[in-house]
Amino acid sequence: IDDLQNFCVKFKMDYVAASFVQTGEDVQFIRRILDEAGGQDVEIISKIENEAGLAHIDDIIKYSDGIMVARGDLGMEIPSEKVALAQKMIITKCNIAGKFVITATQMLESMVKNPLPTRAEMTDVANAVIDGTDCVMLSGETANGSFPDTAVATMSSIVSNAESGINRFDVFNFIRLMTPKPMSKRETMTSSAVQAALDMNAKLILVITNDTFTVRLVSKWRPNCIVIVITTSSLLARHCSGHYGLIPMLIQKVKPVNDVISDAIHFVISRKIMPDIEFLPGFSLIAVSGKNLSMKTFDLEVEAYILGRDMSTSIPMNKKTSNVTHSFKSTRVGYDLLCSAVQNKPKTKVICTLGPSCWSEEMLGKLLDAGLNIARFNFSHGDHKMHGEVLERFRGVCAAKKSAAAVLLDTKGPEIRTAMLKDHKNIALTKDQEIIVEAVGDRYTSFEGYKSETETRIGLSYAKLCQSVKPGNRILLADGSVVIEVVEILSETELKGRV
């Protein structure tokens, strides 16, 4: 609570990632804590890290702004071979609900020490993009790694290439088919805008709004082209950082649509957002705005614009059979794609964990240049003073580079420690042996575990352990290297387990 109210709200963080969320009520509690301190604009990302989170995933998605698939802790709570299935399930549910989703943990882990990732890691990142993730996250690669900017550039390159092989029609049709009906008016209008962009092969979608919900819905439909969000709200500009395909363009005041289109094209060219696109006659774009350019966009208007003459009827039909392989109705890959360079700005966003390797202004600038969209502050390490200094430095670099990159506070999970061992001697545990686990609370520094001829007993600092587990549950110690299955609850503070 202290981190939420006295840092997250105080320093106007854009996102907070809540650890070990288990129910929708947990999310609502965090929302109240933030709102009471004036943090209504902070968006909540729920980290799915345990079986309870999976069991209540629909309710958690309902009350969250975004979801993080925290594969590290999740892989200790459920069988590790099930993590890939959980990832696909969570991403699909978030896509259908229109909530952004982050895939995290060990994505390019080998780049902590090496300038190149393994091919398996690159494939893992690409598969997350094809699954439908909005963001991919780097942890130790940027926080403590030897090649932080190279890791970000590599991540950006992987996601950009993966996106080029996605079958946009099938993805759009799947999400639309699975979205509950009847749809709201704004869902209908935004889906129509993306459908029009697909049908016309439009190169840009412009969304003129200050409304977060509208841009979320445009992103939900996974458009085939870049979406430029034209807004007077710096908050909305930063919140675009978590959503697929959204690039913010801050303006001072609302202009007529034709002027906005001209400014947007200049913005795309000057920022080199689509370096391989030429604005020739026949170039088409879709504009989404509120009626009479209302920036609140409760009533939406969708219009198509074509630069110069409409070239669609003069383009000859290609009668050759396409040499393209469709797999799982979500990818579309041919030989030409495999042999050509992809230069477009990636639609999938990159989250970078800040740490000693990238705290300098120079390295923060390199991360932004390489593709950082959201800077993650990991509150499992450091204090408010240290994080505050880095935050101020990061925002200064963003201002110098005119970047709308967002900032995310990742909360510290519960710290459960094993108690001391008698005479500080290790205890040898064997598979299937019985063990007594005692919830010693604050006494973990004085309690002494032991192994005798009749029993083995250890202590844990979590005072409510016996009220939180039941027979059949597993207790994981030392990052999962020791697993204790609960056999029987003996009392309010003791349980019997099997190693």
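The values are calculated or read from the model by the stated rules, or taken from the named source; none is laboratory data. All values derive from a computational prediction rather than experimental measurement. Ideal geometry is used to build each Cβ from the backbone, glycine not excepted, and the neighbour counts take in all protein chains shown. These accessible areas exclude ligands, DNA and RNA; they are computed on the full protein's heavy atoms, side chains included. Shrake-Rupley method; radii C 1.70, N 1.55, O 1.52, S 1.80 Å.
Any idea which of S360, S380 is more than 21 Å from the chain's Cα centre (by Cα), polar (S, T, N, Q) and over 30 Å from T454 (Cβ atoms)?
Numbers: S380 fails: more than 21 Å from the chain's Cα centre (by Cα).
Result: S360 is the single residue among S360, S380 that is more than 21 Å from the chain's Cα centre (by Cα), polar (S, T, N, Q) and over 30 Å from T454 (Cβ atoms).
Filter segment 122-159 down to residues that are part of a helix (DSSP H, G or I) and among the small types (G, A, S) and give me whichever is surrounded by the most Cβ atoms within 10 Å (Cβ to Cβ). Break it down into steps so the answer makes sense when it comes.
Applying the first criterion (part of a helix (DSSP H, G or I)) to segment 122-159 yields 122-131, 140-143, 148-159.
Those still in the list that are among the small types (G, A, S) too: 126, 128, 140, 143, 151, 153, 156-157.
Values: A126: 18, A128: 28, G140: 19, A143: 20, A151: 30, A153: 17, S156: 20, S157: 17.
Result: A151.
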ask   = Quick one: how many residues across segment 475-499 are within 25 Å of D442 (Cβ to Cβ) and either in contact (Cβ under 8 Å) with a residue 60 or more places away in the chain or of a type in the set (G, A, S) (or both)?
value = 6
remark   = Within segment 469-490, residues touching a strand residue (DSSP E or B) at 6+ places or on another chain (Cβ under 9 Å) and not hydrophobic (A, V, I, L, M, F, W, C) come out as K470, P471, G472, N473, R474, E485, E488
ask   = among the polar types (S, T, N, Q) and either more than 15 Å from T418 (Cα to Cα) or open to solvent by 80 Å² or more (accessible area, probe 1.4 Å) (or both) - does that describe any residue in segment 472-481?
value = yes
task = State the number of residues belonging to segment 29-51 that are part of a helix (DSSP H, G or I) and closer than 18 Å to F100 by Cα.
result = 1
query = Restricting attention to segment 12-25, which residues are at pLDDT 95 or above, open to solvent by 70 Å² or more (accessible area, probe 1.4 Å) and outside any helix (DSSP H, G or I)?
reply = K12
query = Going through segment 26-52 one residue at a time, which ones are open to solvent by 60 Å² or more (accessible area, probe 1.4 Å), over 16 Å from V407 (Cα atoms), free of Cβ contacts under 8 Å to residues at least 12 places away in the same chain and not aromatic (F, W, Y)?
reply = R32
message = Regarding segment 87-106, can at least one residue be identified that is under 16 Å from A17 (Cα atoms), of a type in the set (S, T, N, Q) and outside any strand (DSSP E or B)?
response = yes
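If the requirement is being buried (at least 24 other Cβ atoms within 10 Å of the Cβ) and part of a loop (DSSP other than H, G, I, E, B), which of these qualifies: P182, P223?
Numbers: P182 fails: buried (at least 24 other Cβ atoms within 10 Å of the Cβ).
The conditions single out P223.
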ask   = Name the pairs: first residue in segment 385-408 and among the hydroxyl-bearing types (S, T, Y), second residue in a helix (DSSP H, G or I), Cβ to Cβ under 7 Å, at least 6 apart or on different chains?
value = S403/L368
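Given K385, K345, K366, which one is part of a loop (DSSP other than H, G, I, E, B) and open to solvent by 70 Å² or more (accessible area, probe 1.4 Å)?
K345
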task = Run S262 past the list (1) outside any loop (DSSP other than H, G, I, E, B); (2) of a type in the set (S, T, Y); (3) modelled with pLDDT of 95 or more and report the number of the one that doesn't hold.
result = (3)
ask   = Taking segment 241-269, which residues are in contact with a helix residue (DSSP H, G or I) (Cβ under 9 Å, 6 or more places away or on another chain) and either farther than 24 Å from C135 by Cβ or open to solvent by 20 Å² or more (accessible area, probe 1.4 Å) (or both)?
value = P248, L250, I251, V254, K255, P256, V257, V260
